Amino acid sequence: MRHLITFLVAFAWLGTSAFAEPVHGIAMHGKPALGPDFKNLPYVNPNVKKGGRITYGVVGTFDSLNPFVLKGMRTTARGVWDPEIGNLMYEPLMQRSADEPFTLYGLLAESAEWDDERTFIQFNLNPKAHWQDGQPVTADDVIFTFNLLKDKGRPPFDSRLAAVAKMEKIGERSVRFTFNDKATRETPLILAASTPILPKHAIDTATFDKGGLNPVIGSGPYTIASIQPGEKITWKRDPNYWGKDVPIKVGFDNYDEISVLYFLQVTTLFEAFKKGEVDFYPEGDAINGNPDAAHWGQAYDFPAAQRGDIVKEIFEPRLPTGMFGLVFNTRRLVFADQRVREGLSYALDFEWMNRNILGGTFKRTQSFWQNSALGAYGNAADDREKKLLGETAKKLPPALLAGTYRMPETDGTGSDRKVLRQTVDLLRQAGYNIKDGKMLDKEGRQLSFEIMTQNPAQERIAIAYQRSLSLIGVAMSIRSVDDAQYQARSNTFDYDMIIRAFPSSLSPGTEQINRWGSSSRDAQGSFNFAGTADPEIDRMMDAMLNARTLEDFQAAVRAYDRLLVAGHYVIPLYHIGAQWVARWKYIDRPQVTPMFGYQRQTWWDARMQ
């Protein structure tokens, strides 16, 4: 009898997992929007004639071709593994659609198999997939990659296998990951889309973590044509690229040549754009945050723009606002007290800043997922969310639970006494008092800190904030650094305060741990710039990652958003809800803009049409 039961249990397991039906795509919630017979994504031009070239410009430098190790994290040449320019060298098993919240379609893996409980996922490799030297992409390459990144990769690549109980080769072309109790509903999708697959035969494991510019090969659509370290990298399209006809890649990779020029300052980059040395100029980026309204309105009076050779466009993604603001490094003792952070947050006079520096263009951001069903602002906590928060709900401000909490609004004079009094009262509760015009603690030390900036736009924000703080005796200094120093100090959390952007999507997931989780607080190279380590935030992230229904997921993200707002880890600045882009008119684009906004990997050189 015991043997019969064992057989039946084993047979049941086989029925639910071993013989799962292969699928062409997987979604975090629900099903993929596109069926197994789809020919291309809806936001590409499938009939575009490939050819020509484009030159991008970026601020910074580079000394590495390996973005997967700490040494090359922020100094890797653009394009190797790049969500904006494209993954030109390496590819994931499945690729994300920019027109769905979190849906993946087959790339290196032509299909996947999983069960409803997501206890495992199996990736079945496309038999056509091969490396740029002609050797096939194999199951051994997949297994090699995950083991190598576990041993020598940087966060978060080094933790990909933490939720995996067993990784095994199935047949010649398949790899199965069986999960342990650390896995979440998102884990299979992270393995599929957020991990590059590397060639086992072409990587020296002994030197992998050293970075550098040694020759590399991948499976991607481009190879490196030339490198000028720190100045320029040029990519050429591989005519033998294996995946050009895979549906998820149709309409992508349209240039024969992609060059990336590096500049020390954004002002010199823009001058290069004006001269035609750079073909594409986005206003604002992941560090600068939202576009510079004054620059957009006043800087395009040069001859090429007057002739109509420059096209200025505004794209409107259908996404939450995200958060752009001044980030407190809570690892610093001066910011350890939440009351200090809250008080200093109120001291920033956004209304004065918006009127006098930003041209009155922007709206104040109130929460991380504002303008969506996932946001705390504008959405009251329902019973589902309150139950999830538990006793923590009683500690939150009533207005925050009601969805009406917002940053204080000043009279715009730059010295609103009522708002500044709120700051002084909070600082007094934390042990500070004004004496002889200085904000002093009980030992007579002035409240002081430094903000690190890296460009003129950030400096203008910092100077405005410095002005407000001086009215209440707080000494804030400003240190402007070059890109290399900024990246090095950011990696090691060597700052008091910085200005950062935290983009938000409709499918937040594991990446949030790397931004706000306790486990990432002391991990150099993580994006936990604020140094948060709060068990309640960790608990909300866990609820978000394990939600089985859309309603549970939304409740978890809203609760998570409320905790981030309540902690005052970031002083919110502004959002505009749009992407402002200028381009030379010979660079053209598809007519459809997907949910996530413009996708430059789908654009093309119109001179070839």
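What the table below lists for this structure:
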| quantity | calculated |
| --- | --- |
| Matching residues, segment 559-609, being under 26 Å from Phe350 (Cβ atoms) and of a type in the set (Ser, Thr, Tyr) | Tyr560, Tyr569, Tyr574 |
| Matching residues, segment 511-530, being out of contact with any Pro (no Cβ under 7 Å at 6 or more places or on another chain) and assigned to a loop (DSSP other than H, G, I, E, B) | Gly517, Arg521, Asp522, Gln524, Phe527, Asn528, Phe529, Ala530 |
| Positions within segment 560-600 being farther than 30 Å from Pro408 by Cβ and in contact with an Asp or Glu (Cβ under 7 Å, 6 or more places away or on another chain), in sequence order | Val581, Arg583, Trp584, Lys585, Tyr586, Ile587, Pro594, Met595, Arg600 |
| Residue within segment 136-148 that is on the phi > 0 side of the Ramachandran plot, modelled with pLDDT of 95 or more and surrounded by fewer than 22 Cβ atoms within 10 Å (Cβ to Cβ) present | no |
| Matching entry among Arg417, Arg364 (being among the basic types (Lys, Arg) and either closer than 20 Å to Ala556 by Cα or surrounded by 14 or more Cβ atoms within 10 Å (Cβ to Cβ) (or both)) | Arg364 |
| Filtered residues of segment 230-245 (kept if part of a loop (DSSP other than H, G, I, E, B) and more than 26 Å from the chain's Cα centre (by Cα)) | Asp238, Pro239, Asn240, Tyr241, Trp242, Lys244, Asp245 |
| Out of Phe280, Phe302, Phe328, sole residue that is surrounded by 21 or more Cβ atoms within 10 Å (Cβ to Cβ) and touching a Lys or Arg at 6+ places or on another chain (Cβ under 7 Å) | Phe328 |
| Members of segment 214-262 that are of a type in the set (Ser, Thr, Tyr) and over 28 Å from Lys128 (Cβ atoms) | Ser226, Ser259, Tyr262 |
| Any hit, segment 22-34, residues being assigned to a loop (DSSP other than H, G, I, E, B), among the hydrophobic types (A, V, I, L, M, F, W, C), out of contact with any Asp or Glu (no Cβ under 9 Å at 6 or more places or on another chain) and at pLDDT 95 or above | no |
| Members of segment 187-197 that are surrounded by fewer than 24 Cβ atoms within 10 Å (Cβ to Cβ) and farther than 13 Å from Arg96 by Cβ | Thr187, Pro196 |
| Top-ranked residue in segment 154-180 [being at pLDDT 95 or above and within 16 Å of Asp538 (Cβ to Cβ); ranked as surrounded by the fewest Cβ atoms within 10 Å (Cβ to Cβ)] | Ala162 |
| Asp133 vs. criteria surrounded by fewer than 18 Cβ atoms within 10 Å (Cβ to Cβ), in contact (Cβ under 8 Å) with a residue 60 or more places away in the chain and not in a loop (DSSP other than H, G, I, E, B) | no |
| Breaking point among (1) closer than 21 Å to Val216 by Cα; (2) not charged (D, E, K, R); (3) not in a helix (DSSP H, G or I), for Leu149 | (3) |
| Hey, Pro594 outside any strand (DSSP E or B), surrounded by fewer than 20 Cβ atoms within 10 Å (Cβ to Cβ) and touching a Phe, Trp or Tyr at 6+ places or on another chain (Cβ under 8 Å) or not | no |
| Residue count for segment 292-304, restricted to those that are touching a residue at least 12 places away in the same chain (Cβ under 8 Å) and under 27 Å from Arg355 (Cβ atoms) | 8 |
| Helices (runs of 4 or more DSSP H) wholly inside segment 285-401 that include at least 1 residues being assigned by TED's automatic domain parsing to the domain that holds Tyr586 and at pLDDT 95 or above | 303-307 |
| So Leu374, is it aliphatic (A, V, I, L, M) and either within 24 Å of Ala475 (Cβ to Cβ) or touching a Leu at 6+ places or on another chain (Cβ under 9 Å) (or both) | yes |
| Breaking point among (1) in contact with a helix residue (DSSP H, G or I) (Cβ under 6 Å, 6 or more places away or on another chain); (2) under 28 Å from Ala376 (Cα atoms); (3) at pLDDT below 95, for Glu551 | (1) |
| Test: residue in segment 456-464 that is basic (Lys, Arg) and in a helix (DSSP H, G or I) | yes |
| Checklist (1) in contact (Cβ under 8 Å) with a residue 60 or more places away in the chain; (2) outside any loop (DSSP other than H, G, I, E, B); (3) touching a Leu at 6+ places or on another chain (Cβ under 6 Å) applied to Leu191, failing item | (3) |
| Selected residue (only one of Ala547, Ala555, Ala559, Ala533 is assigned by TED's automatic domain parsing to the domain that holds Glu459, buried (at least 21 other Cβ atoms within 10 Å of the Cβ), of a type outside the set (Val, Ile, Thr) and part of a loop (DSSP other than H, G, I, E, B)) | Ala547 |
| Members of segment 208-229 found to be assigned to a loop (DSSP other than H, G, I, E, B) and either surrounded by fewer than 20 Cβ atoms within 10 Å (Cβ to Cβ) or on the phi > 0 side of the Ramachandran plot (or both), listed by number | Gly211, Gly212, Leu213, Asn214, Pro215, Val216, Ile217, Pro229 |
| Number of positions in segment 39-62 that are over 13 Å from Gly251 (Cα atoms), touching a helix residue (DSSP H, G or I) at 6+ places or on another chain (Cβ under 8 Å) and assigned to a loop (DSSP other than H, G, I, E, B) | 3 |
| Unique residue being under 19 Å from Gly325 (Cα atoms) and either among the small types (Gly, Ala, Ser) or in contact with a helix residue (DSSP H, G or I) (Cβ under 6 Å, 6 or more places away or on another chain) (or both) when the list is Ser519, Ser507, Ser526 | Ser526 |
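The values are calculated or read from the model by the stated rules, or taken from the named source; none is laboratory data. Quick caveat, the model's predicted, so the values are computed rather than measured. Heads up, the Cβs are rebuilt from the backbone with ideal geometry, glycines too, and the neighbour counts pull from every protein chain shown.
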